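Here the structure is laid out as structure tokens; the discussion comes afterwards.
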Amino acid sequence: MECQEYGLTRNTERDNLNLNPLQRGGMLPVEARKALIEYADGYSVCDYCAGRLDEVPNPSISGFLQDLAKFINVDEVRTTHGARESKFAIMHALCKPGDTVIVDGNAHYTTHLAAERNKLNVIEVPNNGHPAYEITPEKYRETLENAIDSGIDIKLSLLTHVDGDYGNLADAKAVGAVTHKAGIPIILNCAYSMGRLPIDAKALNMDFVVGSGHKSMAASGPIGVLGMKEEYSDALLKHSKRHKVKEIEMLGCTSRGAPIVTLMASLPYVAERVKHWDEEVEKTRNFVRQLEEIEGVHQIGVKPKEHDLTRFETPVFDKIAENHPRRGFFLYEELKKRSIVGIKRGQTKWFKCSVYGFSEEQIAYITDSFKEIVAKYKDLI
Ligand SMILES: Cc1ncc(COP(=O)(O)O)c(C=O)c1O
């Protein structure tokens, strides 16, 4: 058999300034790149395993999990294959088919799929619409109370801490108080927050927090985090009857090899970087201010920004696209000429981007580039 050329290079994304929000928090520091090579082979973390991944002493996965639990302030923590697998496992352990869960209207598709795979009904708390698309604790309370009043037994609730569409940071503490008052456990989906900003699960009134190593914790994918309160550990970490030491929801073992060692190697770096979250927010706000100086560029979602993921409506680029021979592709191509990538090809009505981790100089270069492109095509507007 002759195999095709699979195109396994990433020079474009690596050598240019990548604005794709999905990529900004998953970039590996040097220590993690070294660990990646050291543990690149298949079951590389399993040499000293006595049956449980979370208890492996060498490399010290057990020690790492203790540190990780402290980092997010939970009683127990496990790694999974992603935030989605963490959500699935919680729903699976706590609900049965036909049960109902309540989730925010900005929830990620993986939340919907986790519920669907568990055969659960979903009630959605709507956001407040254009332009902020905010999920308010008041709306969460109202939707929950209406459901309860109409006789629906809600087994579990979920809040997306920072959503992937608008980059809004939800008021987790207030929503946690709402669901606890109703006696319903709550999951905080921290895919876009854990590893970028400090997470204290207990202070946020959360029973579960789930994270994504490849999205926000500087790890190779796929790897997720599942943190929980003690009272749920029996349900979530229940052992197999047949294979006594194995945890059923984890299917015995979850992420092994490169993903877990990079997550481990990056933890000190990530623990340090969350202390500088305010600086990142300030950089994002400056970026928004500068980009909004262009007529026809508006940030949507909550203002001022509280997270780096930013969505802009960009009628000015859409107008240029209408009259440009390359149509919608002009923006991608003009940015690429300036070594900027990460805005989807052909997209000009709106786009999402992030400057997380870039320096002020790089951000100034990026905003100047957008302004330069508008100036170049002023006759097409
Ligand atoms: C808000 C949110 N939750 C969950 C996920 C999925 O995370 P994972 O790939 O770790 O399952 C994403 C990925 O884009 C996301 O944006």
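Looking at segment 217-227, which of the residues that are more than 8 Å from the ligand (Cβ to nearest atom) and in a loop (DSSP other than H, G, I, E, B) is surrounded by the most Cβ atoms within 10 Å (Cβ to Cβ)?
Applying the filter and picking the extreme gives Ala219.
Quickly run through segment 254-301 and pick out the residues that are modelled with pLDDT under 95 and surrounded by fewer than 22 Cβ atoms within 10 Å (Cβ to Cβ).
Within segment 254-301, Arg256, Gly257 qualify.
What residue, among those in segment 112-147 that are within 20 Å of Lys173 (Cα to Cα) and polar (S, T, N, Q), is surrounded by the fewest Cβ atoms within 10 Å (Cβ to Cβ)?
Out of the qualifying residues, it is Asn128.
Checking Arg242 against (1) modelled with pLDDT of 95 or more; (2) within 23 Å of the chain's Cα centre (by Cα), which single condition isn't satisfied?
Looking at each condition in turn, Arg242 falls short on (2).
From the list Leu267, Leu236, which residue is more than 16 Å from the ligand (Cβ to nearest atom), in contact (Cβ under 8 Å) with a residue 60 or more places away in the chain, within 24 Å of Leu159 (Cβ to Cβ) and not β-branched (Val, Ile, Thr)?
Matching residue, one of Leu267, Leu236: Leu236.
Return yes or no: is Val74 part of a loop (DSSP other than H, G, I, E, B), crowded, with 23+ Cβ neighbours inside 10 Å, of a type in the set (Val, Ile, Thr) and assigned by TED's automatic domain parsing to the domain that holds Pro185?
The answer is yes for Val74.
Can you confirm whether Glu230 is farther than 30 Å from Lys371 by Cα, in contact with a strand residue (DSSP E or B) (Cβ under 8 Å, 6 or more places away or on another chain) and exposed (fewer than 13 other Cβ atoms within 10 Å of the Cβ)?
Answer is yes for this residue.
For the condition under 19 Å from Glu247 (Cβ atoms) and touching a residue at least 24 places away in the same chain (Cβ under 8 Å), what is the one hit in Ala132, Ala107, Ala114?
Every option except Ala114 fails the conditions.
Which members of segment 116-153 meet the condition of being within 16 Å of the ligand (Cβ to nearest atom) and among the acidic types (Asp, Glu)?
Glu116, Glu124, Glu134
What single numbered condition from (1) assigned to a loop (DSSP other than H, G, I, E, B); (2) within 16 Å of the ligand (Cβ to nearest atom); (3) touching a helix residue (DSSP H, G or I) at 6+ places or on another chain (Cβ under 8 Å) fails to hold for Arg256?
Result: Arg256 passes all but (2).
Which of the residues that make up segment 285-320 are part of a helix (DSSP H, G or I) and closer than 26 Å to Tyr377 by Cα?
Asn286, Phe287, Val288, Arg289, Gln290, Leu291, Pro315, Val316, Phe317, Asp318, Lys319, Ile320
All but one of (1) more than 26 Å from the chain's Cα centre (by Cα); (2) under 13 Å from Ile294 (Cβ atoms); (3) surrounded by 15 or more Cβ atoms within 10 Å (Cβ to Cβ) hold for Gly328; state the number of the condition that does not hold.
If we test Gly328 against (1) more than 26 Å from the chain's Cα centre (by Cα); (2) under 13 Å from Ile294 (Cβ atoms); (3) surrounded by 15 or more Cβ atoms within 10 Å (Cβ to Cβ), just (2) comes out false.
Taking Ala50, is it closer than 23 Å to Gly357 by Cβ and either buried (at least 19 other Cβ atoms within 10 Å of the Cβ) or not assigned by TED's automatic domain parsing to the domain that holds Gln362 (or both)?
Criteria not met by Ala50.
Please go through (1) out of contact with any helix residue (DSSP H, G or I) (no Cβ under 7 Å at 6 or more places or on another chain); (2) within 21 Å of His130 (Cβ to Cβ) for Leu309 and return the number of the only condition it doesn't satisfy.
(1)
Is there any pair with a first residue in segment 26-41 that is surrounded by 15 or more Cβ atoms within 10 Å (Cβ to Cβ) and a second that is assigned to a helix (DSSP H, G or I) and among the aromatic types (Phe, Trp, Tyr) whose Cβ atoms are under 8 Å apart and which are 6 or more apart or on different chains, and what are they?
Pro29/Tyr269; Glu31/Tyr269; Ala32/Tyr269
Inspect segment 78-89 for any residue being away from the ligand (no atom under 16 Å from the Cβ) and among the acidic types (Asp, Glu) and give the result as yes or no.
Checking segment 78-89: not a single residue is away from the ligand (no atom under 16 Å from the Cβ) and among the acidic types (Asp, Glu).
The values are calculated or read from the model by the stated rules, or taken from the named source; none is laboratory data. Bear in mind that the values here come from a model prediction, so they are computed numbers and not experimental data. No Cβ is skipped: glycine too gets one built from the backbone with ideal geometry, and neighbour counts run over all protein chains shown.
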